Amino acid sequence: TVDGRDLSVDGTKLDGIATAATAVGGANGVDFNDDVKARFGTGNDFEIYHNGSQTIMDDTGTGSLEVRTNQFSLGTAGGTASMLTATDGGGVSLFNNGTEIAKTTGNGFEIPADNLELRIGASADLKLFHDSNHSVVQDAGTGHLQLSGSQVTVTKADRSASLAAFIDGGAVELYHNGAKKLDTTASGIDVNGSVTATSFSGSLSGNISQ
């Protein structure tokens, strides 16, 4: 029976979890009405209850609320889909409507499928994603897409050679197959190789040297 906020059997108050587990509820378990709390700790620091609308785990004491397990999972109310999983010695996965959209791995943080976007900004102005054919950095907002650094370098996919380099206070360098072909200087540009023009209109000024 429930007497106020205490559980009792035949009028005897149950003081311990072990006694309650063996004496209360039988094969069907222990039932609590709305707003009747299971309370733990000398100062009732931890409470579990349902208030009629929500199920609440309330840790009001000092220290942290710890959940210890080999694998932790949050799922939908019917248990038909995952919301979050965390594995001891493994990763943490986040789901949307049952589909994994992000996870931690030994290499860092991954978005594991094509066309899933990393969105940044109040209106998702900046998006990073792979569309199954191309890797895309898309700036759909106002203003500029800016890359800042003492030197910004664009390289081949395996990073074995430069394609272009932009040096703070220095040159802009353009490469062909790893060989520098053009760079800007304080007085103009330097070309390493021949210059071919298929058509030209206008005028040239300054010095052209070989």
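Quick notes on this one:
- Solvent-accessible heavy-atom area per residue, rounded to whole Å², over the range 34-164 at 1.4 Å: 75 Å²
- When you filter the trypsin sites (Lys or Arg not before Pro) in the range 28-119 for DSSP loop state and at most 16 other Cβ atoms inside 10 Å of their Cβ, you are left with LYS37, ARG68.
- Of all accessible heavy-atom area on the range 49-114, the percent that carbon and sulfur account for (1.4 Å): 47 percent
- Loop-resident GluC sites (Glu not before Pro) (DSSP state other than H, G, I, E or B) in the range 58-166 with no more than 15 further Cβ atoms inside 10 Å of their Cβ: GLU66.
- Close amide H partners of ILE101, meaning residues 5 or more places away or on another chain with modelled amide H under 5 Å apart, are LEU94, PHE95, ASN96.
- Measuring between their Cα centroids, the range 82-148 and the range 54-77 lie 27 Å from each other.
- Loop-located trypsin sites (Lys or Arg not before Pro) across the range 130-210 with a Cβ neighbour count of 13 or fewer within 10 Å are LYS156, ARG159, with loop assigned by DSSP.
- Length available on full extension from GLU47 to ASP34: 0.36 nm per residue minus the Cα-Cα distance, which gives 3.4 nm.
- Here LYS127 is the anchor, and the lysines within straight C-alpha reach of less than 25 Å, apart from those fewer than 8 places off in the same chain, are LYS103, LYS156.
The values are calculated or read from the model by the stated rules, or taken from the named source; none is laboratory data. Values in this document were obtained by computation on a predicted structure and should not be read as measured data. A quick note on method: Cβ atoms are made from the backbone with ideal geometry, for glycine too, and the neighbour counts reach across all protein chains shown. The area values use the complete protein model at the heavy-atom level, side chains included, leaving out ligands, DNA and RNA. Shrake-Rupley method; radii C 1.70, N 1.55, O 1.52, S 1.80 Å.
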